[in-house]
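Before any comments, here is the structure.
Derivation of every value follows stated rules applied to the coordinates shown; laboratory data play no part. The model shown is predicted, which means the values in this text are computed figures rather than measured ones. No Cβ is skipped: glycine too gets one built from the backbone with ideal geometry, and neighbour counts run over all protein chains shown.
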Amino acid sequence: MEKNNKIMQEHNLQSVSAQQSVLKIVVKAGTYLFLGIMALIVLFPFYWMIISSLKSLEEYRENIPTLWPRVIIWSNYAEAFTEASLGQLFLNTAYVGIVSTLLSLVITVLSAFAFARLEFKGKNVLFAGLLATMMIPGELFTITNYATINQLGWMKTFTVLIVPFLVSVFYIYLLRQNFLQIPNELYLAAKVDGCGDLKYLWKVMVPLALPTLISITILKMMGAWNSYVWPRLVANDDAHRLITNGLRNAFTATTGDVNYPVQMAAVAIVSAPLFLVFIFLRKYIMKGVSRSGIKG
Amino acid sequence: MVDSKQQWKAWLYLSPAIILLLVFTVWPIINTVRLAFLEGYNALEATWGATYNVGIGNFTKVLGFREFKTCLVNTLLLTVLTVPISTILALLIAVALNSIKPLQKFLQTIFFLPYVTNSIAIGMVFAAMFNIIGLRPDGLNADSWGIINNVIMFFGGEPINWINANSGYWANIAVMTVYIVWNALPFKILILLGGLQSINKQYYDAAKVDGTPRRRVFTRITVPLLSPMLAYVFITGFIGGFKEYSSIVGIFGEKMGPVGDPYRLNTMVGYIYQVLPDTDYGVASAAALILFAIILLVTLINMQVSKKRVHY
């Protein structure tokens, strides 16, 4: 009797664990199914952008859309390039992006060094004050900056696209944290050896903080590439227009009977550099972003 | 330790940052508050020597504008819709990603992809997906219904006029919600997944030993331990939501609405930029301060709530 009971129990236990492993497989499959569907939804706009950019206008306008172009029309890209004068826009944006990134890096490195390594009166108060400005939305600055720019006569220049955004408190904060991790003994040893501040900064600090500096560079370049509101307000003329504005200006109509293949080709060209950055430098972006919460 | 040479050097190194911040950050804060309380301040008149009374006239004026109310309603609506949806969806995706081994890195990369995009450019792609080509006046026939409507019709539904002329307000809002959620997911997934991966495995092992059901593990271990990240994602989501602007420009263009009904979907930030070139700086400043006040209020409420709810 007792033996029988024991066998029964064992049998129950076995079926319970069998049930559990079935449940486990079902949950796993459900998880993958859910992630797969979400991934398809996330990717779909990119897929649609690329196949639309390669279709002929007739094919695009067909009642039942094709999921892959029957005839691939590469000339859409050439047409988009000239119609939106993307070449000029590209040069403008590259100029603004490179100059503002370089100047911004110099300012950020110097400030972060002062906060991390030097002792001066009011250091903590100043640093707290800088951090406090991060809480205020940028729109609050725009009105007065617009007036200031007007008075300085900077409207429709590259200066206006570069100078107001050179200082980022967040980047200073990020780099200061990184500099603080570098042992102070290195600095003191360098001083004993008669190494000047700037040389030390350039030879020791900058190489050690390189990952952070790369993150800052990428985010700053992406910022120039994606900036829309301020450039549109202050420098929306042919000679200074940046790429995002140019794209929006060249294709004002979004709905109705638009030449979508060409428009999508232009969108793909504008997105391409971002994808390249994503593929090769994703690690740095993710690292910078997860600490910031700021887009671009 | 504090020698005068170091003092002098520190200020020298900081000087470019400080000068730029004084001109483009500190002065604007002071000046915007000043302009907001100068009744009816206009930059053009001011250069001719006009003087203004101090008062709250700009605020009452802005709040009385019908356009401003539209902007306020649109902004609130989009924020209230998109922040919870995107947070819950991001949480589900992050938990699912965290529970798998093969393909995890690959899927994580895919989910981060929308972050590295230009919101104007991809907005144009979304517009193309929702757009109807050659819609007849009766609204029953069209040359091409657009891919989203094609999918709806494939499953037996009726096509909807999402963003074209004569489209409904709620259809517009639905499109904007989809786009904003799509755009907001990558950042939230990144943060939440980072949080999940830093939760100590021992909690889960203990739950396993006790035979705790899955749902209970989720509500009693995962969510509480993730609560600081959830609060962070929620607060930044609200702040971003109240500053919504360029995603609408991406889909509807600079007119901020479907053809025939411009500025229907205008937002608070859009309003500030719309009035700015008219040199009505007093009104614009008041609008900006109202925006700031709302953001501050919502952030404080969020922080207060999360203080009670956040586990540690």
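Worth a mention:
- At least 15 Å along the helix axis (C-alpha) and Kyte average at least 0.5, DSSP helices within chain A: A:2-53, A:86-117, A:123-133, A:169-180, A:210-226, A:260-290
- Backbone HN-Hα couplings from phi across segment B:225-237 [Karplus 6.51/-1.76/1.60, Hz, Gly and Pro as x]: 6, 8, 4, x, 5, 4, 4, 4, 5, 5, 5, 5, x
- Every Cα-Cα pair of segment A:78-290 was included, and the share exceeding 27 Å stands at 44 percent.
- Taking B:VAL23, B:VAL283, B:VAL181 in turn, the Gaussian network model of chain B (Cα-Cα springs below 10 Å) assigns the largest fluctuation to B:VAL23.
- FRET efficiency, 1/(1 + (r/R0)^6) with R0 25 Å, evaluated for A:GLU58 and B:MET153 via beta carbons: 0.75
- Set of aspartates and glutamates near A:LYS191 by C-alpha distance (under 19 Å), chain-local residues within fewer than 8 positions excluded: A:GLU119, B:ASP3
- Helix-only mean residue ellipticity at 222 nm for the protein assembly as shown, each DSSP H run of n ≥ 4 adding -39500 (n - 2.57), per residue, nearest 500: -22500 deg cm²/dmol
- Note on A:PHE280 and B:TRP8: with the Förster distance fixed at 35 Å, the Cβ-Cβ geometry gives a FRET efficiency of about 0.25.
- The 3J(HN,Hα) values that the Karplus relation (6.51, -1.76, 1.60; θ = phi - 60°) gives for segment B:34-41 are, in residue order, 4, 5, 4, 9, 9, 5, x, 4 Hz. Gly and Pro appear as x.
- Whole-Hz Karplus values for segment B:15-32 come out as 4, x, 5, 5, 4, 5, 5, 4, 6, 9, 10, 6, 4, x, 4, 4, 5, 5 Hz, taken residue by residue from phi with 6.51 cos²θ - 1.76 cosθ + 1.60 and θ = phi - 60°; glycine and proline positions read x.
- Beyond 32 Å in Cα-Cα separation lie the following of the pairs A:LYS28/B:LYS188; A:LYS283/B:LYS5; A:LYS123/B:LYS188; A:LYS24/B:LYS105; B:LYS201/B:LYS308: A:LYS283/B:LYS5; A:LYS123/B:LYS188.
- Dipole magnitude for segment A:78-290: about 660 debye, using +1 per Lys or Arg Cβ and -1 per Asp or Glu Cβ, origin at the Cα centre.
- The charge dipole of segment B:92-223, taken about its Cα centre with unit charges on the Cβ atoms of Lys, Arg (+1), Asp and Glu (-1) only, comes to about 800 debye.
- Taking a ≥ b ≥ c as the square roots of the Cα gyration tensor eigenvalues, segment B:32-102 comes out prolate, since a/c reaches at least 1.5 and a/b is larger than b/c.
- Listed by chain and number, the aspartates and glutamates whose C-alpha is less than 15 Å from the C-alpha of B:LYS61, apart from same-chain residues fewer than 8 away, are B:GLU39, B:ASP280.
- Shape parameters for chain B, alpha-carbon atoms, Rg then Dmax in Å: 24.7, 82
- Spin-label model, B:VAL33/A:LEU152: points 7 Å from Cα along the beta carbon direction are separated by 2.3 nm.
- Inter-chain Cβ neighbour count for A:105-114, averaged per residue, equals 4 (cutoff 10 Å, partner chain atoms only).
- Panel note: the C-alpha atoms of the protein assembly as shown, placed on their principal axes, show extents of 100, 75, 51 Å (largest first).
- Across segment A:74-91, the residues whose backbone nitrogen lies under 11 Å from the label position 7 Å along the beta-carbon direction of A:ILE98 are A:91.
- Cα→Cβ-extended label distance, 7 Å offset, between B:ASP205 and B:TRP170, nm: 5.2
- Classified by the C-alpha gyration tensor, segment B:32-168 has an oblate form. Its axis ratio a/c, with a ≥ b ≥ c, is 1.5 or above, and a/b does not exceed b/c.
- As a calculated quantity, the FRET efficiency between A:LEU43 and A:GLU79 at R0 = 35 Å, using C-beta atoms, amounts to about 0.85.
- For the segment B:28-41, counting C-beta atoms of other chains within 10 Å of every residue's C-beta and taking the mean gives 3.
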